[in-house]
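Below is one structure; the comments refer to it alone.
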Amino acid sequence: MQNEISPAAADAGLPIQPLAADGSRISPGYVLFIMTLVYVVNYLDRQILGILGPQIKAEFHLTNTQLGLLGGPAFAIVYATLGVPIAVLAERVSRRNIIAVSMALFSVMTVACGQAVQFWHLLLARFGTGIGEAGTGPSINSVIADLYPPKRRAAALSLYSAGLNIGLLIAFFGGGWLAEVYGWRITIMAAGIPGLALALVLLFTVKEPKRGVIEKLPDTKPPSLLSVFAHLWSQRSFRWFSIGTAMSAFGGYAGITFVPIFLVQTHHLSLHMVGLVLSILTGVFGALGTYLAGVFSDLLGKRDVRWNMYVPIVATFIGLPLAPVFYLASDTKIALLAAIGPSLVGAAFVGPAYAMTQALSPLRMRTRAAAILLFILNIIGYAPAAWIVGGISDALKPTLGADSLRYALMTGMITALIGAYCYWRASRTLKEDIARVTGS
C-alpha cells in the first residue's frame, strides 16, 4: 500500500494522485477504462432493441407508436426517476458497490426481455432494465470527477461517454448478425450476459475513490436533496444547458428506435446490413466525435470556459444541414454518406455537459447533480422521443405511406436547433456561475 501524496508535493505543483478510501493510490486510467466498459454494456443492453425492432414489431404486430413506447417511456421514465434517490444513497455509501449491483440487475432484466411472450411482458422487463441502469450514470460521473482535475475532466467524461457509441456499435453489428441467424430472443439474452461478468471485475479490481483528493477539497456531510435542487436551479447556465441536452438527445433517441426500420423499409437493406452500417456510423464516427468534443472543450476551455457550450453549438450546425439529405435522399449511398456528419456530432454535448455539471457542484452534491441532469435529459428528451416520432409517423401514414417515418424523424432537426439556442443562453452566465461556486 502506498502513502498519500504529501501537502508539500502538492504545493510544489506535482500531479496529485487519486486515492482510494483506504488511502492507497488508484490508477485513474484503469478505473476510467472499467467505467467506460460499464457504459458500453449499459448502452448495449439499453439500445439492443433498436436493431431488433423490425422482428419485435412483426412478432407482436405493433404500430410505430407502440414500438416508440417500448423504446422510450417504458425504460426512460423509470431510469430517470430512480436515478435521483439512488444518487442520494451514493453520496453516503460506496459508489462502486452501487454501480456493480445496478449492473447485475439490469443485465438480468435484459436476459428476462428474451423470455417475453406478450408485449406487456416485454414492457415490464424494460421497466426492470431501467431500474438497474438508474444506479450507474450518476455514480460513475461522481467517480470520474474524483479521478481527474477540472481542466482534464471534459475529455475524461467524453471518453467515458464514447462508451455509448461503442455499445451501439456492438448492439447494431452483433445484434444485426445474431438476429438474422438466431432471432431477437437469443440476441437480447446474449446482450445481457457480459454485464454479469463485468460486475464481478468491477467489485474485485476497482476501489472506491476518496472524495475531493484530486482538487484538495475537504470532505463534508452531504446536504439535503432539496438543497442540491435549489443550488443547481439557482445557476442559470445549468438551467439552460440541462434543457439543451434534452433537446439535443431527442433526435438521437428517436433515431435509435426507428432508423433501423427506416433503412429496412425505405432503402430495403437486410437487418445484417443495417447493423453493419449503423455500427460504423454510431460506433466509429460517433465515438470519435463524442471523444473529440471533450478534447476540444478542455483545450479551448482553458482560455475560456464558455467553449464547453460553444463546442456543442458548432457540432449542431455541422450535423444539421446533412440530416435532411440522410432522411430524404432516394439513393442509399448518398443517404448513408450524409449520415456521417450527424453521427459524428450526435453526442458532442454529453461530455461538456457532464463536466460543467460537476464544475457547478460542490463536492458532496456531484452524484446527485449528475442524476438531476440525467433526469431532465431523459424525462424531456429520451422518454417522449420515440413515442412522439412513432405517433407522428402513424398519423402521417394514411397520407404518406412508408415515407411517413422519414418525415417524422426530421422532427429531431427542430429540437437540435432549440438545443443550440439553450447552449448559447447557458454560455452567457457560465463563467459567473462557476466563479460563484468555486469562490474564484
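Considering only segment 226-262, state which residues are without any contact (Cβ under 8 Å) to a residue 60 or more places away in the chain and aliphatic (A, V, I, L, M). Within segment 226-262, Leu226, Ala230 qualify.
Residues that are in a helix (DSSP H, G or I), touching a residue at least 40 places away in the same chain (Cβ under 8 Å), surrounded by fewer than 23 Cβ atoms within 10 Å (Cβ to Cβ) and within 18 Å of the chain's Cα centre (by Cα) do not occur anywhere in segment 269-278. Annotation: Ile170 fulfils all but one of (1) crowded, with 24+ Cβ neighbours inside 10 Å; (2) in contact (Cβ under 8 Å) with a residue 40 or more places away in the chain; (3) assigned to a helix (DSSP H, G or I); the unmet one is (1). Buried (at least 23 other Cβ atoms within 10 Å of the Cβ), in contact with a helix residue (DSSP H, G or I) (Cβ under 7 Å, 6 or more places away or on another chain) and under 19 Å from Ile388 (Cα atoms): does that describe Gly71? Answer is yes for this residue.
For segment 294-309: of the residues being in contact with a Gly (Cβ under 6 Å, 6 or more places away or on another chain) and surrounded by 24 or more Cβ atoms within 10 Å (Cβ to Cβ), which is nearest to Val350 (Cα to Cα)? Among residues in segment 294-309 that are in contact with a Gly (Cβ under 6 Å, 6 or more places away or on another chain) and surrounded by 24 or more Cβ atoms within 10 Å (Cβ to Cβ), the one nearest to Val350 (Cα to Cα) is Gly294. Conditions first: (1) closer than 30 Å to Glu91 by Cα; (2) of a type in the set (Val, Ile, Thr); (3) assigned to a helix (DSSP H, G or I). Val389 passes all but one, so which condition is the exception? With respect to (1) closer than 30 Å to Glu91 by Cα; (2) of a type in the set (Val, Ile, Thr); (3) assigned to a helix (DSSP H, G or I), Val389 is out only on (1). For segment 144-167, a tally of residues being touching a strand residue (DSSP E or B) at 6+ places or on another chain (Cβ under 9 Å) and surrounded by fewer than 24 Cβ atoms within 10 Å (Cβ to Cβ) returns 1.
Restricting Val108, Val93, Val88, Val78 to residues that are in contact with a Leu (Cβ under 6 Å, 6 or more places away or on another chain) and at negative phi narrows the list to Val88. Looking for something assigned to a helix (DSSP H, G or I) and within 16 Å of the chain's Cα centre (by Cα) - is there at least one such residue anywhere in segment 104-113? The answer is yes; a qualifying residue exists.
Just so you know, all these numbers are worked out from the coordinates, no wet-lab data involved. If you're wondering where the values come from, they're calculated on a predicted model, not measured in any experiment. Positions of Cβ are backbone-derived with ideal geometry, glycine not excepted, and every protein chain shown enters the neighbour counts.
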